[in-house]
1. Hey, any idea what % of the chain's accessible area is carbon plus sulfur with a 1.4 Å probe?
2. Can you give the longest stretch of the chain with no exposed loop site, where a site means GluC sites (Glu not before Pro) in a DSSP loop (not H, G, I, E or B) with at most 14 other C-beta atoms within 10 Å?
3. If a/c stays under 1.5 just call it rounded; otherwise compare a/b with b/c (prolate if a/b is bigger, oblate if not). Do that for the chain, with a ≥ b ≥ c from the square roots of the Cα gyration tensor eigenvalues.
4. Just read off the accessible area of Ile82 with the full protein assembly in place, 1.4 Å probe, to the nearest 10 Å².
5. Per residue, how large is the accessible surface of region 38-117? Use a 1.4 angstrom probe and give square angstrom.
6. Suppose a student asked you for the relative contact order of the chain, using Cα pairs under 8 Å spaced at least 6 residues apart; what percent would you report?
7. Which of the chymotrypsin sites (Phe, Trp or Tyr not before Pro) across region 26-117 are loop residues per DSSP, with 15 or fewer other Cβ within 10 Å?
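The values are calculated or read from the model by the stated rules, or taken from the named source; none is laboratory data. The structure displayed is predicted, hence computed values, not measured ones. Quick reminder, even Gly has a Cβ in these numbers, built from the backbone with ideal geometry, and neighbours come from all protein chains shown. These accessible areas exclude ligands, DNA and RNA; they are computed on the full protein's heavy atoms, side chains included. Shrake-Rupley method; radii C 1.70, N 1.55, O 1.52, S 1.80 Å.
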Amino acid sequence: VIGGWNYAVGENIRVSAEVQAGVNYDTSGSVGWDAQALARLGAIPMEGLLVYGSTGVGMLEGRAVYSVGAGVEYALWGKNTIRLDAQLLGEVSPAPPIVASGLTSGKVTVGVLWHLQ
């Protein structure tokens, strides 16, 4: 599930804020969950295509994480787009001193989005 807001900074530049929540399946068959709050900065290199980078914080199976990532979103019809998004995740210790580990896991999502406007 994704909810967010996009803002046109210029004709071909977009800034966004979004929240994501999902169910995860890994190669061992384990099931977990994640939730993230992300900031995105993107460019429109051609009509209908958005290429973006993102960063944010969230939770992955009960652990605090930070993320950096990138993706592409392409306009389909009406208010629908298709998205491919990849995030690299690192763990953050919640107690002071706050320490971040290196990027230790990843997440890839593919989906169709419906935009309100």
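1. Values: 4940 of 7350 Å².
Here it works out to 67 percent.
2. Details: sites that count: Glu11, Glu47, Glu61.
My reading of the result: 62-117 is the longest stretch.
3. Details: a/c = 2.32, a/b = 1.63, b/c = 1.42.
Since a/c reaches 1.5 and a/b is larger than b/c, the shape of the chain is classed as prolate.
4. 70 Å²
5. Values: 4790 Å² over 80 residues.
Using a 1.4 Å probe on heavy atoms only, each residue of region 38-117 averages 60 Å².
6. Values: 268 pairs, mean separation 18.1, N = 117.
RCO, the chain: 15 percent.
7. Values: sites: Trp33, Tyr52, Tyr66, Tyr74, Trp77, Trp114; in loops: Trp77.
Here the sparse-neighbourhood loop sites are Trp77.
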